[in-house]
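Beneath this line is the structure, given in C-alpha coordinates, with notes to follow.
The values are calculated or read from the model by the stated rules, or taken from the named source; none is laboratory data. Note that this is a predicted model, so its numbers are computed, not measured. Here the Cβ positions follow ideal geometry from the backbone for every residue, glycine too, while neighbour counts run over all protein chains shown.
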(Lines give C-alpha, C1' and ligand atoms only; values in the text may rest on other atoms or scores of the structure.)
Protein backbone atom coordinates (compact mmCIF):
# COMPACT_ATOMS: atom_id res chain seq x y z
CA UNK A 1 0.00 0.00 0.00
CA UNK A 2 2.90 2.37 0.76
CA UNK A 3 4.16 1.97 -2.83
CA UNK A 4 0.84 2.99 -4.38
CA UNK A 5 0.95 6.65 -3.25
CA UNK A 6 4.33 7.49 -4.91
CA UNK A 7 3.27 5.64 -8.07
CA UNK A 8 -0.05 7.46 -8.16
CA UNK A 9 1.68 10.82 -7.60
CA UNK A 10 4.17 10.12 -10.41
CA UNK A 11 1.35 9.12 -12.77
CA UNK A 12 -0.61 12.31 -12.02
CA UNK A 13 2.51 14.45 -12.56
CA UNK A 14 3.25 12.69 -15.86
CA UNK A 15 -0.30 13.05 -17.16
CA UNK A 16 -0.58 16.72 -16.23
CA UNK A 17 2.80 17.48 -17.84
CA UNK A 18 1.58 15.91 -21.07
CA UNK A 19 -1.77 17.67 -21.11
CA UNK A 20 -2.37 20.18 -23.91
CA UNK A 21 -3.04 22.90 -21.32
CA UNK A 22 0.60 22.85 -20.14
CA UNK A 23 2.16 23.58 -23.53
CA UNK A 24 2.25 26.87 -25.38
CA UNK A 25 1.93 25.26 -28.80
CA UNK A 26 -1.76 25.11 -29.68
CA UNK A 27 -3.03 21.91 -31.23
CA UNK A 28 -6.77 22.44 -31.63
CA UNK A 29 -8.12 22.30 -35.15
CA UNK A 30 -9.75 25.69 -34.63
CA UNK A 31 -6.33 27.21 -34.00
CA UNK A 32 -5.01 25.71 -37.22
CA UNK A 33 -7.97 26.99 -39.17
CA UNK A 34 -7.36 30.48 -37.79
CA UNK A 35 -3.66 30.06 -38.59
CA UNK A 36 -2.71 31.67 -35.28
CA UNK A 37 -0.57 28.88 -33.89
CA UNK A 38 2.42 26.67 -34.47
CA UNK A 39 2.07 23.90 -36.99
CA UNK A 40 4.49 21.75 -38.93
CA UNK A 41 4.81 20.27 -42.39
CA UNK A 42 6.80 17.39 -43.80
CA UNK A 43 8.23 17.34 -47.32
CA UNK A 44 10.45 14.99 -49.26
CA UNK A 45 11.28 13.95 -52.80
CA UNK A 46 8.86 11.63 -54.59
CA UNK A 47 11.44 8.86 -54.98
CA UNK A 48 14.77 7.64 -53.63
CA UNK A 49 17.10 4.93 -54.87
CA UNK A 50 18.07 2.06 -52.57
CA UNK A 51 21.19 3.10 -50.66
CA UNK A 52 20.54 6.83 -51.01
CA UNK A 53 19.64 8.84 -47.85
CA UNK A 54 15.87 9.29 -47.48
CA UNK A 55 15.68 12.91 -46.36
CA UNK A 56 12.56 14.27 -44.72
CA UNK A 57 12.29 18.06 -44.29
CA UNK A 58 10.36 19.01 -41.16
CA UNK A 59 9.33 22.68 -40.94
CA UNK A 60 7.62 24.45 -38.04
CA UNK A 61 5.68 27.64 -38.80
CA UNK A 62 4.52 30.33 -36.40
CA UNK A 63 1.59 32.30 -37.78
CA UNK A 64 0.81 33.89 -34.42
CA UNK A 65 1.49 37.51 -33.52
CA UNK A 66 3.80 36.50 -30.69
CA UNK A 67 6.75 34.19 -30.03
CA UNK A 68 5.58 30.59 -29.71
CA UNK A 69 7.48 27.55 -28.52
CA UNK A 70 7.32 23.79 -28.85
CA UNK A 71 9.00 20.90 -27.12
CA UNK A 72 11.75 19.51 -29.37
CA UNK A 73 11.28 16.04 -27.89
CA UNK A 74 9.72 13.70 -30.46
CA UNK A 75 10.74 15.92 -33.37
CA UNK A 76 13.74 15.99 -35.73
CA UNK A 77 14.98 19.09 -33.86
CA UNK A 78 16.79 16.89 -31.37
CA UNK A 79 19.19 14.03 -32.03
CA UNK A 80 17.33 10.81 -32.72
CA UNK A 81 15.98 9.78 -29.31
CA UNK A 82 12.47 8.45 -29.90
CA UNK A 83 9.94 7.09 -32.35
CA UNK A 84 7.89 10.03 -33.63
CA UNK A 85 7.15 8.80 -37.15
CA UNK A 86 4.99 5.96 -38.37
CA UNK A 87 6.46 4.48 -41.55
CA UNK A 88 4.33 2.03 -43.53
CA UNK A 89 4.48 0.27 -46.87
CA UNK A 90 1.60 0.85 -49.24
CA UNK A 91 0.13 -2.52 -48.16
CA UNK A 92 -0.12 -1.21 -44.54
CA UNK A 93 2.85 -3.14 -43.15
CA UNK A 94 4.58 -0.99 -40.52
CA UNK A 95 8.35 -0.61 -40.75
CA UNK A 96 10.23 -1.29 -37.52
CA UNK A 97 11.78 1.61 -35.66
CA UNK A 98 15.42 0.80 -34.83
CA UNK A 99 16.58 3.96 -33.07
CA UNK A 100 17.07 4.74 -29.40
CA UNK A 101 14.16 5.26 -27.00
CA UNK A 102 14.93 7.87 -24.34
CA UNK A 103 13.29 7.82 -20.95
CA UNK A 104 12.18 11.33 -20.10
CA UNK A 105 11.67 13.25 -16.91
CA UNK A 106 8.42 15.19 -16.92
CA UNK A 107 7.74 18.02 -17.24
CA UNK A 108 10.31 18.83 -19.94
CA UNK A 109 13.02 21.23 -18.75
CA UNK A 110 13.19 24.74 -20.20
CA UNK A 111 16.09 23.86 -22.55
CA UNK A 112 13.93 21.28 -24.33
CA UNK A 113 11.78 24.03 -25.88
CA UNK A 114 12.46 25.81 -29.16
CA UNK A 115 11.14 29.33 -29.73
CA UNK A 116 9.82 30.47 -33.08
CA UNK A 117 9.43 34.19 -33.78
CA UNK A 118 6.12 35.56 -35.10
CA UNK A 119 5.72 34.95 -38.83
CA UNK A 120 8.89 32.84 -38.92
CA UNK A 121 9.67 29.17 -39.52
CA UNK A 122 12.38 26.66 -38.64
CA UNK A 123 13.39 23.67 -40.77
CA UNK A 124 15.49 20.59 -40.24
CA UNK A 125 16.27 17.53 -42.39
CA UNK A 126 16.37 14.00 -41.02
CA UNK A 127 17.49 10.80 -42.76
CA UNK A 128 14.65 8.35 -42.13
CA UNK A 129 16.97 5.40 -42.88
CA UNK A 130 18.93 6.10 -39.67
CA UNK A 131 16.00 4.87 -37.58
CA UNK A 132 13.76 2.75 -39.80
CA UNK A 133 14.52 -0.55 -41.53
CA UNK A 134 13.52 0.52 -45.03
CA UNK A 135 15.22 -2.11 -47.14
CA UNK A 136 13.13 -3.25 -50.05
CA UNK A 137 11.80 -1.28 -52.99
CA UNK A 138 8.20 -0.19 -52.39
CA UNK A 139 6.04 2.85 -51.84
CA UNK A 140 6.18 4.12 -48.26
CA UNK A 141 4.00 6.52 -46.29
CA UNK A 142 5.21 8.59 -43.31
CA UNK A 143 2.92 10.02 -40.63
CA UNK A 144 4.08 12.27 -37.78
CA UNK A 145 2.98 10.87 -34.40
CA UNK A 146 4.91 13.02 -31.92
CA UNK A 147 2.26 15.68 -31.34
CA UNK A 148 1.45 14.40 -27.84
CA UNK A 149 4.85 15.50 -26.54
CA UNK A 150 5.94 18.25 -28.95
CA UNK A 151 2.57 19.99 -29.23
CA UNK A 152 3.04 20.27 -33.00
CA UNK A 153 0.39 19.21 -35.47
CA UNK A 154 1.20 17.92 -38.95
CA UNK A 155 -2.01 17.63 -40.95
CA UNK A 156 -0.72 15.62 -43.89
CA UNK A 157 1.45 12.57 -44.40
CA UNK A 158 4.12 12.19 -47.07
CA UNK A 159 4.86 9.27 -49.39
CA UNK A 160 7.82 8.22 -51.50
CA UNK A 161 8.91 5.43 -53.79
CA UNK A 162 12.03 3.49 -52.82
CA UNK A 163 13.46 2.06 -56.05
CA UNK A 164 16.41 0.00 -57.23
CA UNK A 165 19.38 1.95 -58.62
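Brief remarks follow.
- Within the stretch 83-119, tally of residues that are closer than 22 Å to residue 155 by Cβ and exposed (fewer than 12 other Cβ atoms within 10 Å of the Cβ): 5
- Of the criteria (1) under 19 Å from residue 160 (Cα atoms); (2) at pLDDT 95 or above; (3) in contact with a strand residue (DSSP E or B) (Cβ under 8 Å, 6 or more places away or on another chain), which one residue 93 fails: (3)
- Strands (runs of 3 or more DSSP E) wholly inside the stretch 62-165 containing at least 1 residues that are touching a residue at least 40 places away in the same chain (Cβ under 8 Å) and more than 24 Å from residue 46 (Cα to Cα): 68-71, 113-116
- Residue in the stretch 135-142 that is in contact with a strand residue (DSSP E or B) (Cβ under 6 Å, 6 or more places away or on another chain), surrounded by fewer than 18 Cβ atoms within 10 Å (Cβ to Cβ) and over 13 Å from residue 48 (Cβ atoms) present: yes
- Conditions (1) closer than 24 Å to residue 73 by Cβ; (2) touching a helix residue (DSSP H, G or I) at 6+ places or on another chain (Cβ under 9 Å); (3) surrounded by 18 or more Cβ atoms within 10 Å (Cβ to Cβ); number of the one not met by residue 147: (2)
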